[in-house]
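Please treat every number below as a calculation from the coordinates, not as lab data. Computed from a predicted structure; not experimentally measured. Glycine gets a Cβ as well: all are built from the backbone with ideal geometry, and neighbour counts include every protein chain shown.
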Amino acid sequence: MDILQIKKYLNTFRFSKLDPTIKERLTELKKIAVLSGDQEVAKEIWCLEQVYQIIQHYLKAFNLLKKKEYLKAWMQLDRADIEFSFLRKHFDYSGNKYNLEFLEKNIYQFQRLFPYQYFLSRESVTKKERCSICNQTVSIRKSCGHKVGEIYNGEQCSRIVEEIELLGFAIVKNPFDKYTVLMPQDIEYNYFMLENLLQSINHPYTKWNLEVQKEDDVRYKKLGRNANCICDSGIKFKKCCLNNEDRKIKVDHHKITVLDKVSKDIKPIPRTTFRTTKTKE
Ligand SMILES: [Zn+2]
Ligand SMILES: [Zn+2]
């Protein structure tokens with residue numbers, strides 16, 4: 001296959017397994033481009049490699065979700081998300097080139113259905129690092145001239161950290177790297193939303209939509225007029241949230257629509273982080 005054929009393959013790909021020879025072929029073609037000094041083609045091939053990897057991570061994630069291996073699936077989605085952040089700087093895929101807009105949307109939607117909300121983030125100072133392109137030791141005072149994130153000879157420039165001083169860890173809500181999911185010991189995460197969705201879709205390229213709606217906390221429904229309000233105001237419900245929409249505690253409800261031949265609706269489900277009915281023995 002030449003570059004044009006590979007592009008066509010990736011553009012029309014809507015299956016559950018990628019052809020592994022494409023990856024090897026891209027490596028070969030990139031070598032040839034680099035040897036002949038064609039930086040532009042080498043960079044173009046790097047972009048195609050990213051596209052290939054994104055699809056691969058996405059397909060792996062989908063299979064793992066089907067097998068209910070949620071944490072492993074999360075890691076694959078996170079990898080795809082990171083590859084996207086690299087590719088975005090160098091390639092404009094508007095118009096759904098290589099189906100990337102579809103993949104980006106699905107990856108984001110899947111991530112939103114996970115119960116994970118808190119992550120560990122490392123706080124550290126880098127003591128020594130090298131450039132991935134020229135292997136030289138670099139520092140703020142001594143630069144090698146290569147820019148991080150730029151593509152040289154079809155490879156992305158990054159820093160290889162050799163020495164690090166660890167300052168500590170912090171628990172954060174929305175870090176760049178989301179692979180250090182907090183795993184509490186005695187409670188189990190609730191994957192109810194994903195379970196529900198995956199009962200309705202069997203193919204990684206099925207289209208589905210996620211809408212997040214704000215709804216009143218269900219506890220209001222059972223609350224008597226004279227009971228203490230659930231919002232911790234210390235006053236009676238009738239004098240508090242009952243007639244005050246702005247005050248009311250709102251909960252995210254996730255509504256999923258499967259846009260298939262037969263359109264299916266998955267009713268709104270409230271977000272639950274942990275299981276409330278089942279605890280680990
Ligand atoms: Zn360098
Ligand atoms: Zn209230």
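Computed from phi, the 3J(HN,Hα) profile of segment 259-266 under the Karplus parametrisation 6.51, -1.76, 1.60 (θ = phi - 60°) reads 8, 9, 4, 9, 6, 10, 10, 9 Hz, with x in place of Gly and Pro.
Ranked highest first by the average count of other Cβ atoms within 10 Å around their residues, in what order do 212-220, 154-162 fall?
Going from most to least packed, we get 154-162, 212-220.
Model label sites at Gln39 and Thr276, defined 7 Å from Cα along the beta-carbon direction, differ in position by 5.9 nm. At an R0 of 25 angstrom, the distance between the Cβ atoms of Arg219 and Leu259 translates into a FRET efficiency of 0.15. FRET efficiency for Glu195 and Asn96, Cβ-Cβ distance as r, R0 = 30 Å, nearest 0.05? Computed FRET efficiency for Glu195 and Asn96 comes out at 0.55.
Peptides 138-151, 241-254 ranked from most to least packed by the mean count of surrounding Cβ atoms within 10 Å: 241-254, 138-151.
Which is farthest toward the positive dipole end of the chain among Asn202, Phe192, Ile55, measuring Cα position about the Cα centre, with Cβ charges +1 (Lys, Arg) and -1 (Asp, Glu)? Of Asn202, Phe192, Ile55, it is Phe192.
Extending 7 Å from the Cα toward the beta-carbon at both Val125 and Ile160 defines two label points whose distance is 2.5 nm.
What you get for segment 53-137, charging only the Cβ of Lys and Arg (+1) and of Asp and Glu (-1), is a dipole of about 260 debye around the Cα centre. Between Asn226 and Lys72, residue separation times 0.36 nm minus the direct Cα-Cα distance comes to 50.6 nm.
Charge dipole of segment 1-121 (Cα centre as origin; +1 on each Lys and Arg Cβ, -1 on each Asp and Glu Cβ, all else neutral): 520 debye, rounded to the nearest 20.
Loop-only check: which trypsin sites (Lys or Arg not before Pro) in segment 34-128 are DSSP coil with at most 14 other Cβ within 10 angstrom?
Lys67, Lys68, Lys89
With a cut-off of 16 Å on the backbone N, the residues of segment 44-59 near the modelled label site 7 Å out from Tyr9 along Cα-Cβ are 45-57. Secondary-structure-derived ellipticity at 222 nm for the chain, considering helices only, amounts to -11000 deg cm²/dmol, per-run term -39500 (n - 2.57) for DSSP H runs with n ≥ 4. Note: relative contact order over segment 3-113, using C-alpha pairs below 8 Å and six or more positions apart, is 27 percent.
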